[in-house]
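Step one of this worksheet: look at the structure below.
The values are calculated or read from the model by the stated rules, or taken from the named source; none is laboratory data. As the structure is a prediction and not an experimental result, all values here were calculated from the model. All Cβ positions, even for glycine, are placed from backbone atoms using ideal geometry, and neighbour counts span all protein chains on display.
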Amino acid sequence: MSIRLLLFVLVLAGTGCRTWSPVAPVADADDRCYQACTPSLTDTGVRWEADPEDPAAWDALGAVVVPQLIRKLLACEAARQSCAGFINDLKHRKVIKGRER
């Protein structure tokens with residue numbers, strides 16, 4: 001009986017039998033998930049440099065600075081939704097399990 005076992009092991013070793021290991025499925029989030037919304041967590045990257053006593057400075061704030069901030073906010077929200085959608089798809093397919101809320 002031990003000779004049969006030895007032959008079986010030799011056949012397995014000779015045929016290149018190896019341990020099965022699961023391969024993770026290829027998946028990645030949208031490229032927007034990896035883009036930074038702002039230069040840092042404390043800096044928006046939008047500047048307003050003007051004389052606060054000049055009425056034109058306040059016009060520039062509303063006409064230039066606020067729209068820049070809005071564009072950054074909307075781009076960041078689109079990236080956040082893309083990432084959340086990717087994560088929710090993984091949860092829906094039971095690839096990952098989310099924590100209880």
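What about Val46, is it more than 30 Å from Leu90 (Cα to Cα), surrounded by 13 or more Cβ atoms within 10 Å (Cβ to Cβ) and in contact with a helix residue (DSSP H, G or I) (Cβ under 6 Å, 6 or more places away or on another chain)? Here the answer is yes, as Val46 does meet what is asked. Are any residues in region 30-44 out of contact with any Leu (no Cβ under 7 Å at 6 or more places or on another chain) and assigned to a loop (DSSP other than H, G, I, E, B), and if so, which ones? Residues satisfying the conditions are Asp30, Gln35, Ala36, Cys37, Thr38, Pro39, Leu41, Thr42. Is it true that Val65 is of a type outside the set (Ser, Thr, Tyr), in contact with a Phe, Trp or Tyr (Cβ under 9 Å, 6 or more places away or on another chain) and at pLDDT 90 or above? Taking the combined requirement at face value, the residue satisfies it.
One line per residue, one yes/no per condition, for (1) modelled with pLDDT under 90; (2) touching a helix residue (DSSP H, G or I) at 6+ places or on another chain (Cβ under 6 Å); (3) of a type in the set (Val, Ile, Thr); (4) part of a loop (DSSP other than H, G, I, E, B):
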position	(1), (2), (3), (4)
Leu10	yes, no, no, no
Cys17	yes, no, no, yes
Pro22	yes, no, no, yes
Ile70	no, no, yes, no
Gln81	no, no, no, no
Ile96	yes, yes, yes, yes
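Restricting attention to region 51-84, the residues that are within 22 Å of Ser40 (Cα to Cα) and of a type in the set (D, E, K, R) total 4. Within region 71-91, residues that are over 14 Å from Gln35 (Cα atoms) reach partners that are among the β-branched types (Val, Ile, Thr) and modelled with pLDDT under 90 with beta carbons closer than 6 Å, at six or more positions or on different chains, in the pairs Leu90/Ile96.
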